[in-house]
1. Past 26 Å, Cα to Cα, is the threshold; run K82/K113; K169/K228; K119/K199; K129/K237 against it and keep the listed order.
2. So for region 196-262, what are the equivalent ellipsoid semi-axes in whole Å, largest first, each being the square root of 5 times an eigenvalue of the Cα gyration tensor?
3. Can you give me the relative contact order of the chain as a percent, contacts being Cα pairs under 8 Å and 6 or more apart?
4. Once you place label points 7 Å from the Cα toward the Cβ at F233 and V253, how far apart are they in nm?
5. Which loop trypsin sites (Lys or Arg not before Pro) in region 226-258, with loop taken from DSSP, have no more than 14 other Cβ atoms within 10 angstrom of their Cβ?
6. Rounded to whole Å, give me the distance from the Cα center of region 126-159 to that of region 178-255.
7. Once you wrap a convex hull around the alpha carbon atoms of region 13-167, what is its projected area averaged over all directions, in nm²?
8. So for the chain, taking the charge dipole from beta-carbon charges (+1 Lys/Arg, -1 Asp/Glu), which of C245, V218, S172 sits furthest toward the positive end?
Amino acid sequence: MFELKTVLATSAGAFFAFLYFSRRKRHVVKESPPHPSWKAGENQPIPYPGRHVTLLPSELKSCYPLIISAYVPRPIALVSSKSAAGHVNVAPYSYTGAISHDPPAIVVSCCRKAGDVMKDTLANILDTKEFVVNIMSEWYAESANHTCGNFPPEVNEMDVAGLTPLPSKIISPPRVAESALNFECRLIHQYDMKNAQGKVTTTVVIGEIVAFHVHEGVLEMNGAGEGKPTVNFDALKPLSRLGGCTYGRTTAVFDLPRLDRA
Ligand SMILES: Cc1cc2nc3c(=O)[nH]c(=O)nc-3n(C[C@H](O)[C@H](O)[C@H](O)COP(=O)(O)O)c2cc1C
């Protein structure tokens, strides 16, 4: 009986997802590759006059503006966590990335604040070993961005920003309801980074994803085949971080085949 219910619910979900995706106006434009007539071995030079300028970190006042404008676009993890005392915290982090699928894992890098103070997110993760990565989408950009304020640890940024908590399934910190993707993570590795003066400036944390929550509006159950769900980026409207205070939208894409796959 339970199995029949599951089959019916899955079929209904798939049917509504099909209706949704087939009727929805496309947001992302599918384009041709930049050079459709390119042949293997043809040179593709930089389209600007000039040469590379070599910049040594030791000779710069700060690498910060350079690295955040150069290594782009970066995905953004809107991290929700909870302190040992039970205070909920949310903040965006773009020094982040998916680094493995087996085990499924995400890295987030938290810099120290002025005065060598740990950010609340990091302090909470090190204390409780748990956090949720919520993916930022266009429809809640302003409220998600608002959580980056330097609020005291006892302030719940979800309240301040107008975000809605949803209980997680396996861990204690809540998820963000406005996000179509929530990844419940358990801390599996941490690493302190030291600068040239030997001072710890940043801590890298790696979380193993112990539960994925994917909203039906973006989920494709058979995207890559049976048992291999995928996310529709057109529906997800993911945001990325560019330099300074600039966010990027994903509005145009093209496909290039992988040589190692049929
Ligand atoms: C889009 C965006 C990306 C950010 N990425 C990072 C990051 O990768 N690492 C970091 O330490 N701070 C990052 N910040 C700054 C933190 O969000 C900010 O310091 C925040 O106050 C930290 O909050 P918390 O103390 O509650 O963790 C980012 C801010 C924004 C708006």
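The values are calculated or read from the model by the stated rules, or taken from the named source; none is laboratory data. What you see is a predicted model; the values in this text were computed from it and never measured. When we count neighbours, we look across all protein chains shown, and the Cβ atoms used for this are built from the backbone with ideal geometry, even at glycine. To get the accessible areas, we keep the full protein, side chains included, count just its heavy atoms, and leave off ligands, DNA and RNA. Shrake-Rupley method; radii C 1.70, N 1.55, O 1.52, S 1.80 Å.
1. K129/K237
2. After diagonalising the Cα gyration tensor, the semi-axes are 31, 19, 17 Å.
3. Numbers: 452 pairs, mean separation 58.0, N = 262.
Across the chain, relative contact order equals 22 percent.
4. 0.5
5. Values: sites: R241, R249, R258; in loops: R258.
Sites meeting the loop and neighbour criteria: R258.
6. Taking the Cα centre of region 178-255 as reference, the centre of region 126-159 is 14 Å away.
7. Numbers: hull surface 64.2 nm².
Average projection, Cα convex hull of region 13-167: 16.1 nm².
8. C245
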